């Protein structure tokens, strides 16, 4: 059963070629929102599933076909346009937690509301993206530092509070200075994307329906990890879906998918894909043992390096050697022509289009040297 489940998960994630030719927005709508974090994960997500080049992804970002938004769990994901409103709705409570923490530092909601209004006015008058430094100048004394106590809480000033609130409300959006998703330099522009009008219960159920379409079969524990819903809210969210059990497991799936799953046969031929450690094939469940047998290089909750997947199973790990301009990898299976072809295609994509493969915003060629050495010592 585990081999069939893994292959099915890979199929639902579009890692078997079934999304070839799809647009960036279609890929994200059908396989799930792409976690970003300042690295190259969104680019790898779209390349591995549909062969989309970087220029096409950046064009989709510029045209607002896809966009990077604070969403579920308060985390930043790249979403398709059709899910912008829902993404904002399920993530709109995150800034409230930050405001509650700031209240202990003497920051009132009224103060943040006044700063937020000044930020929107400054952006509307600018006619071009402004970065936080520009906004501090434009809003003057309305933005203030929060001293040592604020820094201890990760809040050096009131500006991030206002920006977070405005983003969650869909009143402003963050745009990459050079149009790229993998480089953490941003400006802000006005926006008018209202969060979904669904009430909280309806929004939770809408998210649950999407989740089980992307990630099913999945357990309630998996869904709660992704959504950060309480046990009661998660149970209430899935109740209207009529989820059905996979025999012999605690996994659940949408009833409309059950017939297809029962009839699904794991392909005999391999289908390799090189993806980020935070790719949806792993992060939607965050249950690594689903995808790979215990191995020294994959012993934690999350992979430390990027992964190679075949029919839903993790069959290797990889990193990009910036100096050599090559992928360094370790395969857990016998190498064949198809695996080498997949590695070469991704290597060419990273070298010629991305320039580097950073796993997160602070990753660098220097910081990954130890990981490279581990992979070479095989």
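The values are calculated or read from the model by the stated rules, or taken from the named source; none is laboratory data. Remember, it's a predicted structure, so these values are computed and weren't measured experimentally. Positions of Cβ are generated from backbone atoms using ideal geometry, with glycine treated the same way; all protein chains shown enter the neighbour counts.
List of remarks:
- Candidates 168, 208, 203: the one that is under 24 Å from residue 105 (Cβ atoms), surrounded by 15 or more Cβ atoms within 10 Å (Cβ to Cβ) and in contact with a helix residue (DSSP H, G or I) (Cβ under 6 Å, 6 or more places away or on another chain) is 168.
- Screening residue 178 on (1) touching a helix residue (DSSP H, G or I) at 6+ places or on another chain (Cβ under 7 Å); (2) over 19 Å from residue 34 (Cα atoms); (3) part of a loop (DSSP other than H, G, I, E, B) shows it passes everything except condition (1).
- Residue that is nearest to residue 83 (Cα to Cα), among those in region 11-29 that are touching a strand residue (DSSP E or B) at 6+ places or on another chain (Cβ under 9 Å) and part of a helix (DSSP H, G or I): 29
- Single residue of region 320-353 satisfying the filter (surrounded by 18 or more Cβ atoms within 10 Å (Cβ to Cβ) and in a helix (DSSP H, G or I)) that is farthest from the chain's Cα centre (by Cα): 339
- Of all residues in region 121-153, those being in contact with a helix residue (DSSP H, G or I) (Cβ under 7 Å, 6 or more places away or on another chain) and part of a helix (DSSP H, G or I) number 7.
- Subset of region 51-83 [closer than 14 Å to residue 175 by Cα, assigned to a helix (DSSP H, G or I) and over 17 Å from the mean Cα position of the chain (by Cα)]: 59, 62
- Yes/no for residue 286 being assigned to a loop (DSSP other than H, G, I, E, B), touching a helix residue (DSSP H, G or I) at 6+ places or on another chain (Cβ under 6 Å), at pLDDT 95 or above and at positive phi: yes
- Across region 11-36, the qualifying residues are those that are farther than 22 Å from residue 208 by Cβ and touching a residue at least 60 places away in the same chain (Cβ under 8 Å), and the one among them that is surrounded by the fewest Cβ atoms within 10 Å (Cβ to Cβ) is 17.
- Yes/no for residue 360 being assigned to a loop (DSSP other than H, G, I, E, B) and either touching a residue at least 12 places away in the same chain (Cβ under 8 Å) or surrounded by 13 or more Cβ atoms within 10 Å (Cβ to Cβ) (or both): yes
- Candidates 95, 42, filtered to the one that is within 11 Å of the chain's Cα centre (by Cα), in a helix (DSSP H, G or I) and closer than 25 Å to residue 227 by Cα: 42
- Within region 198-245, the set of residues being under 30 Å from residue 171 (Cβ atoms), part of a loop (DSSP other than H, G, I, E, B) and in contact (Cβ under 8 Å) with a residue 24 or more places away in the chain comprises 198, 228, 229.
- Residue satisfying all of: in region 289-319; part of a strand (DSSP E or B) and modelled with pLDDT under 95; farthest from residue 358 (Cα to Cα) among these: 295
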